[in-house]
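Here's the structure, in structure tokens; my notes come after.
The values are calculated or read from the model by the stated rules, or taken from the named source; none is laboratory data. Just so you know, these numbers come straight off a predicted model, no measurement behind them. Neighbour counts run over all protein chains shown; Cβ positions are idealised from the backbone, glycine included. Remember, those area values only see protein heavy atoms, side chains included, never the ligands or the DNA or RNA. Shrake-Rupley method; radii C 1.70, N 1.55, O 1.52, S 1.80 Å.
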Amino acid sequence: MQKTFGIIASVYGMLAVVLGAFGAHALKTKLDAYHHTIYEKAVSYQFYHVIALFAVVFLAAKLETKSVSLAGYFFSTGILFFSGSLYLLATSEILGIQSLTSILGPITPIGGLCFIIGWILLLISFTKL
């Protein structure tokens, strides 16, 4: 479990840096202020939850419970759904996928719910130490 979530956290962390730099430089003149804010929110939440994934990795070294591993899965899924949908929503005009915004919009709160569940599971895990 530690290796799996360590790899996932590392990949998501690397992608957050790459996507953050891409947004700050390549998309600087392509996005309006509103869409740039959405893009930045995606990067920020991705970074926050990469840190949460590393908490899962370190907690798993002391405690191998279902709540720890489930927290890792929920954080991983939350990053994909929440940040992923925001990246696509922010760049939908550039990518020519405006027709998908009605589908992408509802995916974002599902990712947010995954984050909340992940934090609850992390809390439960810490109470078992």
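Of the set (1) more than 16 Å from the chain's Cα centre (by Cα); (2) within 15 Å of Ile8 (Cα to Cα); (3) open to solvent by 40 Å² or more (accessible area, probe 1.4 Å), all apply to Ala60 but (3). Here Leu31 clears all of (1) aliphatic (A, V, I, L, M); (2) over 30 Å from Phe126 (Cα atoms); (3) surrounded by fewer than 18 Cβ atoms within 10 Å (Cβ to Cβ) except the condition numbered (3). Kindly indicate whether Ser102 is of a type in the set (Ser, Thr, Tyr), touching a helix residue (DSSP H, G or I) at 6+ places or on another chain (Cβ under 8 Å) and either open to solvent by 20 Å² or more (accessible area, probe 1.4 Å) or under 22 Å from Leu15 (Cβ atoms) (or both). Criteria not met by Ser102.
Taking region 1-17 as the range and being open to solvent by 80 Å² or more (accessible area, probe 1.4 Å) and over 20 Å from Leu70 (Cβ atoms) as the test, the residues that pass are Met14, Val17. Quick check: is even one residue across region 27-34 free of Cβ contacts under 8 Å to residues at least 12 places away in the same chain, in a helix (DSSP H, G or I) and of a type outside the set (Lys, Arg)? Yes, there is a match, as at least one residue in region 27-34 is free of Cβ contacts under 8 Å to residues at least 12 places away in the same chain, in a helix (DSSP H, G or I) and of a type outside the set (Lys, Arg).
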